[in-house]
1. Mind listing just one residue for me: the one in segment 56-90 that is among the hydroxyl-bearing types (Ser, Thr, Tyr) and at pLDDT 80 or above and, of those, surrounded by the fewest Cβ atoms within 10 Å (Cβ to Cβ)?
2. So in segment 449-476, with the set limited to residues that are among the β-branched types (Val, Ile, Thr) and in a strand (DSSP E or B), which one is nearest to Pro728 (Cα to Cα)?
3. Taking segment 132-175, which residues are modelled with pLDDT under 95 and part of a helix (DSSP H, G or I)?
4. How about segment 258-373: which helices (runs of 4 or more DSSP H) wholly inside it have at least 3 residues that are outside the structural domain of Val451 (by TED's automatic domain parsing)?
5. Among the residues of segment 645-659, is there at least one that is among the charged types (D, E, K, R), farther than 23 Å from Thr554 by Cβ, outside any loop (DSSP other than H, G, I, E, B) and modelled with pLDDT of 95 or more?
6. So which residues in segment 243-254 are in contact (Cβ under 8 Å) with a residue 40 or more places away in the chain and under 19 Å from Phe280 (Cα atoms), if there are any at all?
7. Restricting segment 588-608 to residues that are of a type in the set (Gly, Ala, Ser) and over 27 Å from the mean Cα position of the chain (by Cα), which is nearest to Glu695 (Cα to Cα)?
8. Looking at Leu561 and the list (1) over 20 Å from the mean Cα position of the chain (by Cα); (2) part of a loop (DSSP other than H, G, I, E, B), which single condition is not satisfied?
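The values are calculated or read from the model by the stated rules, or taken from the named source; none is laboratory data. Since we're looking at a predicted model, the values are computed, not measured. Note that each Cβ is placed from the backbone with ideal geometry, even for glycine, and that neighbours are counted across all protein chains shown.
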Amino acid sequence: MYGRGQGTQTSTGRLGIVLVSVAIASLGCRGRHEGAGAVTQAPVPAGVVAARTARQAEAAEALVMDESAADAAGKQILFGDLHVHTTFSTDAFLRSLPMLQGEGAHPPADACDFARFCADLDFWAITDHAESISPQHWRETKESIRQCNAVTGDPRNPDVVAFVGWEWTQVGRTPDDHYGHENVIFRDASEDRLPLRPISAFSPGSVAALQASAAFWDRIRLPLSDPGRQRSLDFSVHQAELREAPLCPSNIDTRELPSECHETAQTPAELHEKLSQWGFDTIVIPHGTTWGLYTPANSTSDRQLASPQYDPEKQVLFEVYSGHGNSEEYRDWQAVVRDGDGRPTCPPPTTDYLPCCWQAGELIRARCSGVPAEACERRVTAARQNYIDAGVAGHLTVPGATVEDWKDCGQCRDCFNPAFSYRPANSAQYALAITNFDDPAHPRRFRFGFVASSDTHAARPGAGYKEFGRRLMTDAAGARDPEWRERLAAPAVAAGPESVPFDPATTALQDFQIVETERQASFFMTGGLVAVHAAGRDRDAIWAALKRREVYATSGDRILLWFDLLNGPDGPLPMGSETAIERNPVFRVRAVGALQQLLGCPAHSVNALSPERLARLCRSECYNPSDGRRLITRIEIVRIKPQQRPGEPVRSLIQDPWRRFECPGEPEGCVVEFEDPGFVAGGREAIYYARAVQEPTLAVNAGGLRCQSDEAGACIGVNPCYGDYRTPYEDDCLAPNEDRAWSSPIYVGFGAAG
């Protein structure tokens, strides 16, 4: 994330930077280019890969299997991660710096080695932020992915398949100009099947912000005694390489642009058009949709569904879970409401939600000692409005307020591992429930499959195989000591009796100084996985499964899941299917718990990596399955009936759970069959998906802010897991957690098929 701008430096400040830079150069300290690293050449033994398939086949055979199963053709389940950042991304580079307790460079080659030897994945995709990929880094990214694919054995049966992609990282200040983040994944990795440039959401005005950001980092890296000065100098080189690439000319076919410029798209429609101009097979995956760290309050998916922002040919998947939390569930509370005149105002709290604007008023109320009641109430009202007006920087409007003072405001109290400062109208359930009626004859609805991934910023795809290493396997990061916290944070302001207005559009602070990074640290998870039902292990088979939406998401554990419509018009249909029938649909869900893990790493990982690399990359703990399985405790079915008329209330259309089935708690797994008896009588489309829930185990940050609640369930105190020195580095903040898998929906229309 780039800064929004710094004030002009004084001539004295500029001179100081020059003098210190000369001094550093005289000591032989110069910044270095961040290279892609070297991919480990050792193969994963064929027997290891074959064992994965064999274990899965044994588990499937233990369940009810007959010719009515949609997977009778012999597909296998493969696990991957389609959201992986390396230190080619600016925010990942920052996280790697010593001042943030970072562990140094983790370039693309590390991600390949981690996927193969730490996480034992079947596929992964690199998705560094397009906004921070220089032309040289883009060339190195593509070559590193090709090197990763080259060492994985027989292309028809590789140990891993690596895909090339990037993240388009758009952020708006208001719901009206916010679209959010999308990962762009390409089927092929050959040079002639990839764009010459990534396409970012960088705006022309961001160039000045990039310059200001570089000046800021120059100022904070000055101390010659700091042991991390070399890494900081390297970061300056990274910033300089970004600044050297000019913005591409606009309104020109992407294929005719110079190869060395920085190409941008300001909306999803513009991004999709540029991708269409290249003509390569591409999947675009929205993600982090409910993550309120940067998403304006009251943002909704309606804007993304409006033509031409939604491209159903490219947007076939939706990331429902990641290391940034869950984006599945809808709630009908709002962070901000509109009064009768359409002005934003603060809603009162409910039993399950505390608006942060309300808490801002309560914090000011507590400072009204000796103030007449009427005057105090004016201050409270002003505080709530100041919070709303400041957007994602609202916490800065109450000077001196601590993380603990905000309690659990803005959080979804009854969601599973929710994203921070939850935006429910951007959730998967809300997106499935809405309809766009701009063209009444052809209403538009989202059609996507569910995936999950890590969103790692340490080149660690599939990091959730074991719950350990909070500072390494999640994105939790922070200052290493009080001195660095003071340098990095927004300037401290003494507590005062009144709220202070704050305008993010004009501030001199950097992005990371504006948003609530300290509270966010309690919400970073180890991440999820995407699973595909594929006819083989090769690139073509995996891509085909992704495109037909025969995929599901897990919260990190490798739960096996099948979800079939048994009485489709031409026979059984698997998850992700779309059909129409004139009878009540009948479904089957089958689920098997993940394999329990052994300590340490398996022999093939130990043999492939040196002890030093195994310790640094995997922390000497790898995916290392035993023969025992965790238990599936229940199956939940969600039914959603999409809007049939404008304004139809969304809450009543989402039934979660619609059905719930308790499982016998056996290692062999759980099988349930059910019918929707009201489908024909309802006479409207219905969408169904399954959740398989696993027995509780401990997980990193599963407790969130770790609220202490009163008898009514209200949060009266929090115990945050900080990313900085205030929480011990070795504290993983473990809490009980019910891992789960979400099937892709099956879309069932009422009527004759076709």
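1. Ranking the candidates gives Thr90 first.
2. Thr456
3. Within segment 132-175, Ser132, Pro175 qualify.
4. Per the criteria, 356-365.
5. Yes: one or more hits.
6. The one that is in contact (Cβ under 8 Å) with a residue 40 or more places away in the chain and under 19 Å from Phe280 (Cα atoms): Thr254.
7. Step by step, filter segment 588-608, then rank; the result is Gly600.
8. (2)
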